[in-house]
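*Asks:* I am attaching a structure below and will ask some questions about it afterwards.
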Amino acid sequence: MITKRLIACFDVVDGRVTKAKNFQDNIDVEDAVTIATRLYEQQIDEIIFYDIKASAEKRRIDLNTVKRVGEEVFVPFTVGGGIRNIVDMYDVLKAGAEKISIDSMAVRNPNIITDGSLAFGSQCIVLSMQVKNVGKSEKIPSGYEVAIDGARVFTGMDAIEWAIRGEALGAGEICVNSIDGDGTMAGYDLDITGRIAKAVNIPVIASGGAGKVSHLFDLFLQTEASAAIISSMLYSPRIDKNYLVSEIKEELLLNGIPMHPIRN
């Protein structure tokens with residue numbers, strides 16, 4: 001089994017991290033730089049930053065906050081939200097990001113995946129997908145439909161078909177965001193995550209539903225996912241106790257899940 005990664009994902013509004021449930025009702029949590037620095041010190045493997053209002057407000061991503069976070073963390077740092085073209089990608093990378101996440105814009109203009117891959121390498125391009133279980137149909141054979149714009153607009157696209165196409169277009173990684181699981185802390189959607197991980201030959205990140213360490217055991221033992229977003233476990237105001245990254249890693253390591261070891 002390859003080494004698995006734990007990822008902190010931040011939904012950022014005006015430089016502050018928020019936490020949602022089912023992509024709705026965002027609660028303010030903390031300054032983005034402060035929380036990113038703390039989790040970096042706790043040895044999180046990667047950080048993802050989404051400027052969640054940039055696309056809807058038709059503006060560029062908050063480069064100032066990207067730069068401030070990038071100056072404080074030295075783990076792979078992925079940034080998304082409001083990225084429309086190669087110039088935006090370049091500016092995000094220049095501000096300190098190592099990878100670029102594209103979601104709604106990739107649906108609207110799939111060529112942006114190829115453009116980014118050719119310009120910066122496929123390892124820099126993460127195709128992020130918002131997916132919801134809508135039941136199997138002729139149009140949606142997997143039963144999971146792709147949504148965009150913060151899960152407000154449904155596209156009529158099948159999630160597995162879009163993942164396969166995204167890889168062919170040049171994406172180097174796929175993040176599967178479960179709309180049904182988001183913020184629930186009831187466990188990942190192992191069905192669609194596992195099926196996408198089998199359908200593509202690039203790393204897959206599971207997102208939406210982590211609430212306890214057993215959910216990570218289920219994910220890594222039952223699917224081929226390479227990484228897991230664990231935001232609710234780390235800083236959600238909706239639970240009584242947040243985990244330390246070391247607590248999660250130690251329990252996984254003790255039970256045979258390969259992780260990057262904790263440094264003393």
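Coordinate-derived values only; no laboratory data. Given the structure is predicted, the values throughout are model-derived calculations rather than measurements. Here the Cβ positions follow ideal geometry from the backbone for every residue, glycine too, while neighbour counts run over all protein chains shown.
*Asks:* At what distance in nm do the modelled label points of residue 152 and residue 74 sit from each other, each positioned 7 Å from its Cα along Cα→Cβ?
*Replies:* Between residue 152 and residue 74, the label points sit 4.0 nm apart.
*Asks:* So, one more: Nearest-5 percent of antiparallel DSSP beta bridges in the stretch 5-254?
*Replies:* 35 percent
*Asks:* I need the trypsin sites (Lys or Arg not before Pro) found in the stretch 216-264, filtered to DSSP loop residues with at most 15 other beta carbons within 10 Å of theirs.
*Replies:* 238, 241, 263
*Asks:* So which trypsin sites (Lys or Arg not before Pro) in the stretch 120-175 are both in a DSSP loop and have at most 16 other Cβ atoms within 10 Å of their Cβ?
*Replies:* When the trypsin sites (Lys or Arg not before Pro) of the stretch 120-175 are filtered for loop state and at most 16 Cβ neighbours within 10 Å, 136, 139, 152 remain.
*Asks:* Can you sort 46, 71 so the residue with the fewest Cβ neighbours within 10 Å comes first?
*Replies:* By the 10 Å Cβ count, ascending, the order reads 71, 46.
*Asks:* Restricting to lysine pairs 8 or more places apart or on different chains, what number in the stretch 5-254 have Cα atoms under 15 Å apart?
*Replies:* 6
*Asks:* Whole Å is fine, so just give me how far the alpha carbon centre of the stretch 183-251 lies from that of the stretch 161-177.
*Replies:* The stretch 183-251 and the stretch 161-177 have Cα centres spaced 19 Å from each other.
*Asks:* Below 8 Å between Cα atoms, with a sequence gap of 6+, how large is the relative contact order for the stretch 5-254 in percent?
*Replies:* 17 percent
*Asks:* At a 10 Å Cβ-Cβ cut-off, how would you order 146, 73, fewest neighbours first?
*Replies:* Fewest-to-most Cβ neighbours within 10 Å comes out as 73, 146.
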